[in-house]
1. Can you tell me which residue within the range 96-106, out of those that are modelled with pLDDT of 95 or more and open to solvent by less than 90 Å² (accessible area, probe 1.4 Å), is farthest from GLU132 (Cα to Cα)?
2. Could you please find all residues in the range 55-72 being surrounded by fewer than 15 Cβ atoms within 10 Å (Cβ to Cβ) and among the small types (Gly, Ala, Ser)?
3. Return the total of residues in the range 34-56 being among the β-branched types (Val, Ile, Thr) and closer than 18 Å to THR107 by Cα.
4. Output the residues belonging to the range 82-97 that are hydrophobic (A, V, I, L, M, F, W, C) and part of a strand (DSSP E or B).
5. If you check every pair at least six apart or on different chains, which have Cβ atoms under 6 Å apart with a residue in the range 117-145 that is outside any strand (DSSP E or B) first and a residue that is among the small types (Gly, Ala, Ser) second?
6. Residue pairs, Cβ under 6 Å, 6 or more apart or interchain, first in the range 98-110 and part of a strand (DSSP E or B), second among the charged types (D, E, K, R). List them.
7. Can you tell me which residue is most open to solvent (accessible area, probe 1.4 Å) among those in the range 21-50 that are among the hydrophobic types (A, V, I, L, M, F, W, C) and touching an Asp or Glu at 6+ places or on another chain (Cβ under 8 Å)?
8. Identify, from the list ILE133, ILE90, the residue that is modelled with pLDDT of 95 or more and open to solvent by less than 20 Å² (accessible area, probe 1.4 Å).
Amino acid sequence: MFTSCRTEVLDSLKLSLDLKVMSVNLSNPDGKGVFTITAIGQKEDTVTLSMEGKVEGYGFITLTHKYEYMSQPNSKERSLGTVTGAAEAILEDGGLVYGPRQMGTFTRDSDKMEVYFTDHVSNGDHNFVRFEIDLIRKQSDVSFWSLK
């Protein structure tokens, strides 16, 4: 009797779990774009970048990201950390969408930064985003992958 009840409980738990397996092919982004860095702000352990540019599927975008360096044991090197920010897009049809809570991580090697974050857009889109920033050229290439 106990074994039968346990089996029924486990079976009902299996039925109630709806696991979604997702994979993203990073060799084929759903959209690309180029941003120009319009402002750079520097404080103790943070850098703030404001950018604007066009991205496939979203039109003209403005954004501000705050990059906060993480402490590394026995090192004063500023090579990695976290990024937070927000963006607003004027779509090709004139509509407006925004991403109010972008969060992720970055690495930095001299004037080059590589940034990865997730973006939840006000129209319901969820994207995984990569920025490849060149601080000297004041430019960033962006690619995104839909997580739908």
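1. Only one residue tops the list, namely VAL97.
2. SER71
3. 5
4. VAL83, ALA86, ALA87, ALA89, ILE90, LEU96, VAL97 - these are the residues of the range 82-97 that are hydrophobic (A, V, I, L, M, F, W, C) and part of a strand (DSSP E or B).
5. Correct list of pairs: VAL121/GLY99.
6. TYR98/GLU88; GLY99/ASP119; GLN102/ASP119; THR107/GLU114
7. It comes out as VAL34.
8. Sole residue among the options that is modelled with pLDDT of 95 or more and open to solvent by less than 20 Å² (accessible area, probe 1.4 Å): ILE133.
The values are calculated or read from the model by the stated rules, or taken from the named source; none is laboratory data. Given the structure is predicted, the values throughout are model-derived calculations rather than measurements. Heads up, the Cβs are rebuilt from the backbone with ideal geometry, glycines too, and the neighbour counts pull from every protein chain shown. Each accessible area value is taken on the protein alone, full model and side chains, heavy atoms only, with ligands, DNA and RNA left out. Shrake-Rupley method; radii C 1.70, N 1.55, O 1.52, S 1.80 Å.
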